[in-house]
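What follows is one structure encoded as structure tokens, with my remarks underneath.
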Amino acid sequence: MRNNYDRYDGFDEQTYNKKGISYYVLRRTADETIIPYLRKIKNKKCLEVGVGYGYYKSIYFDDNKVIGYDVNAQLVKDLNIKTIVGKADEISKKVKEKFDYVLSFFMTEYLNKEELRNFINQGIKLLKPEGILCTTIILKSGMGGVYTCLARMKGVKKYSYTTNEIKEILGEIEYKVYPLYSLMGIPFAILLEVKNER
């Protein structure tokens, strides 16, 4: 299997953001939930983990102070925002600031269970009191399982999780879930929201 991150070497923004079948079957309908969520965020300090080329930059960057974080330096170089290069499950090594929001969209599919647990726990620690961590997680059931299976057939290692696995990863952490549906109305992912209750 290819390294999940090296596969973007040589990509430009147009290639990276090219809308293929998975966009029309999965991402476009997920955006019907994600984009209104982002539009409500105003005048906040945000860290977007796995920011890439800034897929959602036109939606919320102008209304907030946004710092990007990504493992691939090539992707973040032209975002015109402060960016930090590092692995998602090691953000506490690179980021020392506190945020109103730690956001991540369609990045956790590259994290195994331990990496996902580390990302969530470290992301929560970067939140101000009442801050929110919000991330997508691909589900093992429905279209999410098909999506990760097809990716693996193409040689790209992606991960999906059952609801029980997500509960186990979160442990005692309280959370909200917003289902994300495919074009056919079949769930394929969740938008997970964790509030820092400190």
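The values are calculated or read from the model by the stated rules, or taken from the named source; none is laboratory data. Since this is a predicted model, take the numbers as computed values, not measurements. With ideal geometry, Cβ positions are generated from the backbone for all residues, glycine too; neighbour counts draw on all protein chains shown.
Does any residue of region 2-9 turn out to be modelled with pLDDT under 90, farther than 24 Å from LYS125 by Cβ and within 15 Å of the chain's Cα centre (by Cα)?
Checking region 2-9: at least one residue is modelled with pLDDT under 90, farther than 24 Å from LYS125 by Cβ and within 15 Å of the chain's Cα centre (by Cα).
Only residues that are more than 22 Å from PHE119 (Cα to Cα) and either of a type outside the set (A, V, I, L, M, F, W, C) or surrounded by fewer than 18 Cβ atoms within 10 Å (Cβ to Cβ) (or both): list them for region 58-80, please.
SER58, ILE59, TYR60, ASP62, ASP63, ASN64, LYS77, ASP78, ASN80
Just checking, which of VAL102, VAL85 is over 16 Å from ILE138 (Cβ atoms), in contact with a helix residue (DSSP H, G or I) (Cβ under 6 Å, 6 or more places away or on another chain), modelled with pLDDT under 95 and not basic (Lys, Arg)?
VAL85
Select from region 153-198 the residues that are farther than 22 Å from ASN118 by Cα and surrounded by 13 or more Cβ atoms within 10 Å (Cβ to Cβ) and list them in ascending order.
PRO179, LEU180, TYR181, SER182, LEU183, ILE186, PRO187, PHE188
Restricting attention to region 120-144, which residues are assigned to a strand (DSSP E or B) and either at pLDDT below 95 or not β-branched (Val, Ile, Thr) (or both)?
Result: LEU127, LYS128, PRO129, GLU130, GLY131, LEU133, CYS134, LEU139.
Just checking, which of ILE91, ILE137, ILE124 is within 27 Å of LYS44 (Cα to Cα), in contact with a Gly (Cβ under 8 Å, 6 or more places away or on another chain) and surrounded by 17 or more Cβ atoms within 10 Å (Cβ to Cβ)?
ILE91
What's the number of the only condition in (1) modelled with pLDDT under 95; (2) within 24 Å of LYS128 (Cα to Cα) that ARG39 fails to meet?
(1)
Can you tell me which residue within region 42-53, out of those that are modelled with pLDDT of 95 or more and not charged (D, E, K, R), is nearest to the chain's Cα centre (by Cα)?
Among those residues, the one meeting the criterion is VAL49.
Quick grid of which residues meet (1) assigned to a helix (DSSP H, G or I); (2) among the acidic types (Asp, Glu); (3) more than 17 Å from the chain's Cα centre (by Cα):
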{"position": "ILE34", "(1), (2), (3)": "yes, no, no"}
{"position": "TYR55", "(1), (2), (3)": "no, no, no"}
{"position": "VAL66", "(1), (2), (3)": "no, no, no"}
{"position": "ASP78", "(1), (2), (3)": "no, yes, yes"}
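Checking the structure you have, find out if any residue of region 117-137 is among the charged types (D, E, K, R) and over 23 Å from ILE190 (Cα atoms).
Scanning region 117-137, I find at least one residue that is among the charged types (D, E, K, R) and over 23 Å from ILE190 (Cα atoms), so the answer is yes.
Among the numbered criteria (1) crowded, with 22+ Cβ neighbours inside 10 Å; (2) under 26 Å from GLU168 (Cα atoms); (3) hydroxyl-bearing (Ser, Thr, Tyr), which single criterion is violated by TYR53?
Failed condition: (2).
Mind checking whether some residue in region 137-158 is under 19 Å from ILE35 (Cα atoms) and in contact with a strand residue (DSSP E or B) (Cβ under 9 Å, 6 or more places away or on another chain)?
Within region 137-158 (the criterion being under 19 Å from ILE35 (Cα atoms) and in contact with a strand residue (DSSP E or B) (Cβ under 9 Å, 6 or more places away or on another chain)), the answer is yes, since at least one residue qualifies.
Among the candidates TYR159, TYR178, TYR147, single out the residue that is in contact with a Leu (Cβ under 7 Å, 6 or more places away or on another chain), touching a residue at least 12 places away in the same chain (Cβ under 8 Å) and assigned to a helix (DSSP H, G or I).
Only one candidate qualifies: TYR147.
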